[in-house]
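J.: My questions will all concern the structure given below.
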Amino acid sequence: MSTQSAHPFHLLVKPVGSKCNLDCHYCYYLRKEERYEPGATMQMSEEMLETYVKQYIAAQPKHIKFVDFSWQGGEPALRGLDFYVKAVELQKQYARPGMTITNTFQSNGTLINERWAKFFKENNFLIGLSIDGDELNHNNGRPDVKGNESYSRVLRGLELLKKYDVTFNTLTVVHNDNAHLGKQTYLKLKELGSSVIQFQPCVEHPLDRRGEKDWSLTPHQWATS
């Protein structure tokens, strides 16, 4: 049974934990897999999904009319489209009268196809697309799990979002290899159709680093990028 909060609150949920189909060199979160038991699926079950949706809505203050669900990862699309179809159905079932439910979905875009894009549009999802500017910049830090480039697949997903008029923004990681490409990156993202652009500084903790290279920005690089 949920306890109702005195104040509005917002949660992020990771339905596949740290699982991802990319192997970004600077990604600290992939190492979170080490904290799971061997063989763990790291997948939220549909039973847990219903519990989460029901309690997240019920715990919001009585006067709250807007509730946002934020889906992240890893790569949340790995949980499969049917999972999110179910999530929307449950949101409608448990929403209080007069309440508006919204969804945000942070993705690398590589798994977005026609069905995903159509679903996002029909259900008014806001998509955060992770893309590091142009092809060379992006592929330098964001290969897939087999070491192959991912940029072409991200662009395919981006074009489908635009085709179905899905609202999206872009998220770009700024690290010590691309900090000097600020203007170039911004212009490329504008060219691709991004009107809301987020830049996230890379600051690696030594215990989360996945290789010998430290991708962290210096304070000077962040100030001048």
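J.: I'm spelling it out carefully: the read-out is volume of the Cα convex hull per residue in Å³, the candidates are (i) 119; (ii) 130; (iii) 154, and one was derived from this structure. Which label?
T.: (iii)
J.: Right, here's the next one. What does the accessible area per residue of region 54-189 come to in Å², with a 1.4 Å probe and no ligands, DNA or RNA counted?
T.: Numbers: 6070 Å² over 136 residues.
On a per-residue basis, region 54-189 sits at 45 Å².
J.: Nearest 10 degrees, 0 to 90: what angle lies between the long axis of helix 151-163 and the longest principal axis of the chain (Cα atoms)?
T.: 40 degrees
J.: Residue by residue through region 108-118, what is 3J(HN,Hα) from phi via Karplus (6.51 cos²θ - 1.76 cosθ + 1.60, θ = phi - 60°)? Round to whole Hz and write x for glycine and proline.
T.: 7, x, 6, 9, 6, 10, 4, 5, 4, 4, 5
J.: Pop a pseudo-label 7 angstrom from the Cα along the beta-carbon direction at both ASN148 and MET48 and give the gap in nm to one decimal.
T.: Each label point is offset 7 Å from its Cα along the Cβ direction, giving 3.0 nm.
J.: Same structure, new question: Report, by chain and number, residues whose modeled amide H sits under 5 Å from the one on PHE69, excluding near sequence neighbours (fewer than 5 apart, same chain).
T.: Hits under the 5 Å cutoff: THR102, ASN103, THR104.
J.: Towards the positive end of the charge dipole of region 42-88, with charges on Cβ (+1 Lys, Arg; -1 Asp, Glu), say which of VAL85, ALA58, GLY74 has the farthest Cα.
T.: ALA58
J.: Along Cα→Cβ, 7 Å out, is where each label goes; now give me the distance between the ones at ARG156 and LEU11 in nm to one decimal.
T.: 3.5 nm
J.: A further question follows. Apply 1/(1 + (r/R0)^6) to the Cβ-Cβ distance of LYS118 and ASN140, taking R0 = 45 Å, and write down the FRET efficiency to the nearest 0.05.
T.: E between LYS118 and ASN140, to the nearest 0.05, is 0.90.
J.: If you don't mind, there's one more thing I want to ask. Does anyone have the angle between helix 182-191 and the longest principal axis of the chain? Alpha-carbon axes, 0 to 90°, nearest 10?
T.: Rounded to the nearest ten degrees, it is 50.
J.: OK, next. Counting only helical runs of four or more DSSP H residues, what would the 222 nm mean residue ellipticity of the chain come to if each run contributes -39,500 (n - 2.57) and the total is spread over all its residues? The partial results should precede the final answer.
T.: Values: 7 runs with 72 residues, N = 225.
Result for the chain, helices only: -9500 deg cm²/dmol.
J.: Something else about it: For GLU212 and PHE66 in one chain, what is 0.36 nm times their gap in residues minus the Cα-Cα distance, to one decimal in nm?
T.: Taking 0.36 nm per residue and subtracting the Cα distance, the gain is 48.1 nm.
J.: Counting only protein heavy atoms, what percent of the accessible surface of the chain is carbon or sulfur at a 1.4 Å probe?
T.: Numbers: 6450 of 12180 Å².
It is 53 percent, rounded to a whole number.
J.: Can you say what percent of the DSSP beta bridges in region 1-146, counting only those with both residues inside, are antiparallel? Round to 5.
T.: Bridges in region 1-146 that DSSP calls antiparallel: roughly 5 percent.
The values are calculated or read from the model by the stated rules, or taken from the named source; none is laboratory data. Given the structure is predicted, the values throughout are model-derived calculations rather than measurements. Positions of Cβ are backbone-derived with ideal geometry, glycine not excepted, and every protein chain shown enters the neighbour counts. All accessible areas refer to the heavy atoms of the entire protein, side chains included, with ligands and DNA or RNA removed. Shrake-Rupley method; radii C 1.70, N 1.55, O 1.52, S 1.80 Å.
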